[in-house]
Structure formats: C-alpha cells, structure tokens
Amino acid sequence: MSVFLKLLLRNRLAAMGAAVLTAILFLVIITPLLPLADPDVTDTGKRFVPPFSEGALLGTDHLGRDQLARLLYGTRLSIAIGIAAAVIAASIGSAIGIIAGYYGGRVDNLIMRLVDMLMAFPYILLALAIVAALGPGLMNALIAVAAVNVPFFARNIRGVTVSLAGREFVDAARLAGMGNTRIILSEILPNVLPVIVIAMSTTVGWMILETAGLSFLGLGSQPPQADLGSMLGEARAAMIRAPHTSVVPGVMIFLIVMSVNLLGDGIRDALDPRLKSGALSRPLATTMVDRHGAVPAADQMGLLNIQELETQFHVGARVYRAVGGVSLHVSPGECLGVIGESGSGKSVTALSVMGLVASPPGVITGGAVRYAGEDLLAANYESLRKKRGQNVAYIFQDPLATLHPLYRVGDQLIEAISSHHRISRTEGRKRALELLISVRIPNAESRLNDYPHEMSGGMRQRVGIAMALANDPDVIIADEPTTALDVTVQAQILSLLDDLRRERGLAIIFITHDFGVVAQLCDRVAVMYAGRIVEEGPTSAVLEAPAHPYTKRLIACVPELGGGRRRLAAIPGLPPVVDNLPKGCAFAPRCEKAADACRKGEIALAGAGQRAVRCIDPEEVLA
Ligand code: ADP
Ligand code: MG
C-alpha cells in the first residue's frame, strides 16, 4: 500500500489532482458544520448580488439565494451521485463481465449480445430515454447514468476474465476441487480488482459530468434542491447579466472532473504491475553505471574481460548485491562455463556485460567490462547498441519468450540482421536460410515461414542460436540455453555450439546450473555463489579435485549413470538473500567445515596457476 502511495505521489499531476480533490471532499464533508446561509431560502430583494459582497462571498443567484451555500451543498450532491453511479455501474458491470468471461460459450454469447444492444445507443441519448421513461428526479438520473455505464465495465472486465479463466492457476484451483463460485471469488476477483478500480477511477469524472448534464436539462435534481448541473441550468438565462452565477458552478465542475481524471490516470499508472517494480519511467536504454572505486587497469586477458564487476539493485532503501566483484575472461575459440545455483548472480553478470540489466533498479557500481580492450561500461549508448548482437550476442533460456509470437521466424532472423546491416529482402532471406541450415534445422527452406508456436522447443532454441549468430558475433553468452529442453535435444544443442566455436572461433560464456553440461562443453569453469566466484579452473581439474566445499557438494548432486549406489547428497539450506549477505564466506552457514574464521572477514580468491579458490580451508591444496 505504501509503495502504491509513493508511486502515486511521485506522479506530480496525480498528486495535484489528489490535493485538489481532497480539499473539495473535505469542504463538502464539513459543509453542514459551516456557518452558511440556508441554500434554499429565496430573497428576491437581493437578486444577483455580485461576489465578495457582504454576507454573500460568492454573490447570490436569480432568486437571491446564497451561491456559496448552494455551491457547497450542490457539490456534495453531485459528487455523491457520481460516486454512487460509478460504484453501482462497476459492481453490476463487473459481475456481468466476470460471469460472461468465466463461463464463456453460450452464457457469454447471450450476455454480451445484450450488452452490445445497450452499447449501440449513444450514451446520453440512452440516459435521456431512461429518465424520460422513469420520470425526472435525482434518483432516476442516478439509475440512468449507472445503467449506461454498465456495458463499459462489462466489456472491459469480460476481456480480462477470459484471459484469466484459461490460466494454469485456475485449472489448479479446479483440480483442487473448488467450485465455480469459490474460484470466481478467490481466484478471478482478486486478479480483476485492480482493473475494476482503474476503470472506476477513470470514469467517475465522466459520470459526475453526465449527472450534471441531466440536471442541466432539468431531468436530474428538482428545484429548489441544488446540484452543480441544475445551478448551471438555472444560471443560463442570466449568463450575460450576472456571469458569476454560471462561473461559480462551472469552475467547480472543471476542478472536480480535472482532479478526478488526473488522479484516476495516476492510480492506473501506479497500479499497473509492470510499472510497480521500477519507477514510473521505463527502464533506461543501458544499465546505469555509477562506479565509486578506481576502474581496474586493463590486463590483456581474453577477448571479453570482465574485471571485478559489481552490479546491485537499489530498491527503496535496500541494496541487493547481486554481483559482488566478479572477474571472468574468454578468448576466441574458448568456452567458459559459469555455474551456480539459481539466484547466484549468473544472469545479472551476463546482462551487465552489454548494459542490459534493467535500470532502475539495476546499477553497476564497480569494475570494468573490456571488449578487445575497450571499457564497455564507459561506452555511450550508441556504441553499445552497435556491439549488441554484432560483437556480443546472447542466447536465452526460453526461446518461446524471446521470439515474437506473431512474426514468422524467417522475418525475425532478417530483422536481426538488418538492425546492423543494410540488406535487401532477398539477400536477407538467403542469409536467414543459411543461418537455419547452419544450426541444422531440417527443411530449413519451409521452416522460414513458420511461426514460433509451430516449432518444437529444441527447434525454437536452434532459431535462438541462429539469431545470435546472425551478425557473426565474436562472443556468445548463453544463459541456460538448454534448461528447458529434454536431454537428447540438449545433447544436440551442446554439440552444435561446440562445433560452432571450433568452426568460427567463437568465444562462449556458457551459463548453467548443471555440472554434466559443463563437463561436456567447457574448457574452463567458474563457480558462482551469492554473487561471487568461489572457485575457478580448467574443467577437468575442477571436476576431478574440487577445492571449494561448495563445488564439491554441487558435483555430488549430479547423478551418474551406472555410478553404482552412490547417495545423491543435496545441499541443505538455501543460498543467502543478497540484500543481507553474511560477513566472511557466504557459504559458511551451509558448510560442514565452517569454522569461526570463515565468518570473520573477507576471504580472497587465492590461486595457483589456472586454478583459484575462495576458501581458507579448501578440500584440495592447489599447487
Ligand atoms: P541466476 O544466477 O539464477 O541467473 P540472477 O543473476 O538472475 O540469478 O539473480 C541474482 C540475484 O539478483 C538474485 O538474488 C535475485 O534475487 C537478484 N535480483 C535480480 N533481479 C532483481 C531485481 N530487479 N531487484 C532485486 N533483486 C534482483
Ligand atoms: Mg539466471
């Protein structure tokens, strides 16, 4: 709730709307307590007294009634009617929408056609017709305004419900044996509630206007009772002679509708879950870089050289140290494995390289990323953009999420190429075909015209790899590319990547949580834990003689075919939360060998030759 308020108030216009609306609401709530004249007492001797006269701050109207009193009581009535209409319309409309969307089929058809019939009439005409049938009066105006707004809510909420009703959590609720009513109340309603609130907050102003419109035409509040619309209507005849009688209610209507709409827009933005985690702004084009310490000097290691990289997430007062000083490098033709449990900072490290961590909340606070000697963290957006895909390309875990669902894969490949090179369509097609062939997609020619959903998971991931290869990059960062695939397809993808790096001299950073995969593909491996590297070295050396207790436990978790009756030892406990890292070794709470010294202070990554380990009592002494 407080996050919501903070987001809302950060939006200046919405805050202004909220302030004006609060002031007006406060005034109308305390109206009965104010020393005001009776709003309905006429005094024809004092007609059209101008504003700021004695005894009549806002003047009097054509019957000598006090304008201030009429304004406040009228506003009270108008707001009450507007809000009541909104609540009624929202409740009835949403109920209709949820039922239609949830049950679907014939129920949906019947209900929605009725709603369509209501929608076929122009708004105000329909309201007029309803009031004409029911007779003039404030209550009937309220009913009319609520009725004409029901279809709006029904349509909106039905749309949201239809997409929710097919989701897995609803199926799960059904499997758990819940009845329809219970599912609607406990699964669907909480999910559509924000949409209802948003729709309401953006339509209240409109309903206040509609009620005022009906009153203006004499169909709403009846004399002598004042509401904003009837005040305007009665002032119409004296518009020239005594303009204040029109200006006073006019300004009030303007203020109310303006502030309600500004606030409504603000609520909509603040409730939008996509905007909630970040600020109200979209993420920046590159990750924010705010380096405090000195930038590490270039050390000529590898083509891509990550040096003491630190990436954090600043969420409110909390600082999540997702990556805390990671150094990695790869050379052409080499494959470096990065391994660690979920949440250890592998993806954030990878995304930091090309400035792809969402900012806010992501900030790179230290270190350097050098590509062929150039510090990418100091590069401007344009030069980074040119390198993305062209020099360093990514392959992600879920190709179904990274491919556009509505474009053919061929067109997406062509787009990937044309974002860096000017090519004609025929050339693009030719190149796309070559790419699909190079990742060994059978019938590549016809597959170009497939949509992503027409392909299997393994084939989609091949397309993902083809896309990464589209601009002949030198470095490929593969972030768990085979996690979503079955083992046979995984083996094919791994051998494909292995061939590619041999043929093209690609440097590959391969992120995974699976030591089996590392053993198949990687020359060297770096083990990450809680945002830091705890061990690194040539794959075979690390696998044969792991030095860090964590590495040893990780390897012990890999099942071995025909490996006898070895017990698979899971690592007890969970990785630490990175906004509150323990002092000293982050693995100490889960480590059998942990001693007091482990929890004291910083432990350095100490190495010999190609190997290094961050432990004061390693399993293997590195020589
Ligand atoms: P993995 O090793 O599984 O790829 P990640 O690199 O995705 O892990 O995440 C590293 C850490 O950063 C995790 O502890 C995660 O909770 C944290 N993190 C990632 N994104 C955010 C974010 N937007 N706000 C706060 N913390 C985040
Ligand atoms: Mg990840």
Taking the range 185-218 on its own, how many of its residues are loosely packed, with under 15 Cβ neighbours inside 10 Å and touching an Asp or Glu at 6+ places or on another chain (Cβ under 7 Å)?
0
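Could you please find all residues in the range 382-398 being out of contact with any strand residue (DSSP E or B) (no Cβ under 9 Å at 6 or more places or on another chain) and more than 16 Å from ligand 1 (Cβ to nearest atom)? Walk me through it before giving the result.
Our first condition is that a residue be out of contact with any strand residue (DSSP E or B) (no Cβ under 9 Å at 6 or more places or on another chain); within the range 382-398, this holds for 382, 384-386, 389-390, 398.
Within the range 382-398, GLU382, LEU384, ARG385, LYS386, GLY389, GLN390 meet the criteria.
Go over the candidates TYR73, TYR123 one by one and state the one that is of a type in the set (Phe, Trp, Tyr) and touching a Ser or Thr at 6+ places or on another chain (Cβ under 7 Å).
TYR73
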For the range 348-364, give me the residue count where each residue is over 13 Å from VAL527 (Cα atoms) and either near ligand 1 (Cβ under 7 Å from one of its atoms) or of a type in the set (Lys, Arg) (or both).
4
Considering only residues that are in a loop (DSSP other than H, G, I, E, B), away from ligand 1 (no atom under 15 Å from the Cβ), of a type in the set (A, V, I, L, M, F, W, C) and under 26 Å from LEU543 (Cβ atoms), which ones fall in the range 572-599?
CYS585, CYS591, ALA594
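Being within 16 Å of ligand 1 (Cβ to nearest atom) and either in contact with a Phe, Trp or Tyr (Cβ under 6 Å, 6 or more places away or on another chain) or not β-branched (Val, Ile, Thr) (or both) is true for just one of GLY373, GLY302, GLY367. Which residue is that? Spell out how you get there, then give the answer.
Values: GLY373 fails: within 16 Å of ligand 1 (Cβ to nearest atom); GLY302 fails: within 16 Å of ligand 1 (Cβ to nearest atom).
Going through GLY373, GLY302, GLY367 in turn, the sole match is GLY367.
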Considering only the range 121-129, I want to know if a residue exists there that is modelled with pLDDT of 90 or more and buried (at least 18 other Cβ atoms within 10 Å of the Cβ).
no
Can you say whether GLN412 is assigned to a helix (DSSP H, G or I) and touching a residue at least 40 places away in the same chain (Cβ under 8 Å), as far as the supplied structure shows?
yes
Can we say LEU568 is modelled with pLDDT under 85 and over 38 Å from the mean Cα position of the chain (by Cα)?
yes
Within the range 95-107, can you find the residues that are surrounded by fewer than 18 Cβ atoms within 10 Å (Cβ to Cβ) and either within 20 Å of ARG182 (Cβ to Cβ) or in contact with a Gly (Cβ under 8 Å, 6 or more places away or on another chain) (or both)?
ALA95, TYR103, GLY104, VAL107
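What tally of residues in the range 174-190 results from selecting those that are among the aliphatic types (A, V, I, L, M) and more than 15 Å from ILE98 (Cβ to Cβ)?
Narrowing the range 174-190 to residues among the aliphatic types (A, V, I, L, M): 175-176, 178, 183-185, 188-189.
Next cut, more than 15 Å from ILE98 (Cβ to Cβ) only: 175-176, 178.
Here the count works out to 3.
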Going through (1) touching a helix residue (DSSP H, G or I) at 6+ places or on another chain (Cβ under 8 Å); (2) in a helix (DSSP H, G or I) one by one, ILE441 fails only at (2)
Considering only residues that are touching a Leu at 6+ places or on another chain (Cβ under 8 Å) and touching a residue at least 60 places away in the same chain (Cβ under 8 Å), look in the range 141-184 and name the one that is surrounded by the most Cβ atoms within 10 Å (Cβ to Cβ).
VAL145
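Suppose the filter is over 30 Å from PRO32 (Cα atoms), free of Cβ contacts under 8 Å to residues at least 24 places away in the same chain and aliphatic (A, V, I, L, M); does LEU110 pass it? Break it down stepwise before answering.
Working: over 30 Å from PRO32 (Cα atoms): yes; free of Cβ contacts under 8 Å to residues at least 24 places away in the same chain: yes; aliphatic (A, V, I, L, M): yes.
Here the answer is yes, as LEU110 does meet what is asked.
The values are calculated or read from the model by the stated rules, or taken from the named source; none is laboratory data. Note that the structure is predicted; figures quoted are calculated from it, not measured. All Cβ positions, glycine included, derive from the backbone under ideal geometry; neighbour counts span all protein chains shown.
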